[in-house]
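Quick notes on the structure that follows.
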């Protein structure tokens with residue numbers, strides 16, 4: 001049996017106001033074993049408690065859950081897509097024109113999981129009308145998501161997600177250029193001018209992880225990663241604070257809707273370290289954050 005208690009548990013860690021120790025976690029684990037019904041495997045119980053060490057309620061915060069304001073697993077089959085980040089219901093996404101589902105990339109062990117699938121012809125998208133939390137400006141922040149361009153429209157320009165409207169109301173967006181089949185991450189510091197942080201070729205029908213890390217401390221910079229490899233970096237970049245809805249599956253000006261899948265979109269109010277970017281990518285398997 002794997003040793004699920006090899007991760008250190010702080011003596012000051014708390015859950016619901018009570019101190020959590022390795023001993024108490026072990027006791028809970030044994031209790032679960034004793035109560036386990038036929039058909040519940042030991043591996044299932046191990047997975048439950050292994051995942052618990054990534055939950056700040058078990059060990060007092062830190063890791064990839066710290067600063068996670070917005071987090072969408074995108075497992076819902078229709079309607080509202082729920083935010084599992086710390087800002088809760090204030091960041092729930094509205095379903096417009098019935099966004100579909102498809103088999104996802106990031107899944108809890110034993111559960112295949114689903115992702116949101118956007119059909120361009122139906123102008124499908126998910127939106128947040130007042131995305132103040134997702135307006136980073138010049139603060140530290142990081143963004144991550146998994147995306148897969150559908151092969152049915154490989155030569156079509158597509159806006160994957162963004163806080164981006166007409167001139168004067170642009171902050172950032174992820175864009176697929178159908179002419180050269182490259183992915184681009186664009187930012188604007190004044191709402192109009194466009195700056196490319198990174199771009200690289202991608203294939204259709206293939207899952208990719210994009211992570212963008214913006215730092216305003218030390219040596220300010222913004223770096224875009226695709227599958228844990230940098231595809232571009234810049235010096236100090238101030239992101240325009242947008243006044244338009246945040247959208248997955250398109251942008252606010254209603255052009256070039258996305259045709260493909262998105263899974264596990266996350267937004268932190270901190271700068272991810274190189275190790276954390278690698279942990280999110282997880283050797284191409286992805287990681288459930290919460």
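Just so you know, all these numbers are worked out from the coordinates, no wet-lab data involved. Keep in mind it's a predicted model, so treat the numbers as computed, not measured. Every residue, glycine among them, receives a Cβ derived from its backbone with ideal geometry; neighbour counts consider all protein chains shown.
Considering the zone a paramagnetic label at residue 66 would reach in this model (a point 7 Å from Cα along the Cα-to-Cβ line), which residues of segment 79-98 have amide N under 17 Å from it?
86
Any idea what the relative contact order of segment 184-290 is, in percent, if you count C-alpha pairs under 8 Å spaced at least 6 apart?
Over segment 184-290, the number comes to 21 percent.
Full extension from residue 122 to residue 282: what is 0.36 nm times the residue separation minus their Cα-Cα distance, to one decimal in nm?
54.3 nm
Express in nm, to one decimal, how much length is gained between residue 290 and residue 203 on full extension, taking 0.36 nm for each residue of separation and deducting their alpha carbon distance.
Net length gain for the segment: 28.4 nm.
How much length, in nm to one decimal, is gained on full extension between residue 255 and residue 233, taken as 0.36 nm per residue of separation minus their Cα-Cα distance?
Here the answer is 5.2 nm.
Hey, with R₀ at 30 Å, roughly what FRET efficiency would residue 243 and residue 98 work out to, going by the Cβ-Cβ distance, to 0.05?
Computed FRET efficiency for residue 243 and residue 98 comes out at 0.65.
Based on the mean of other beta carbon atoms within 10 Å per residue, what is the order of 184-193, 263-272, most packed first?
Top of the packing list down: 263-272, 184-193.
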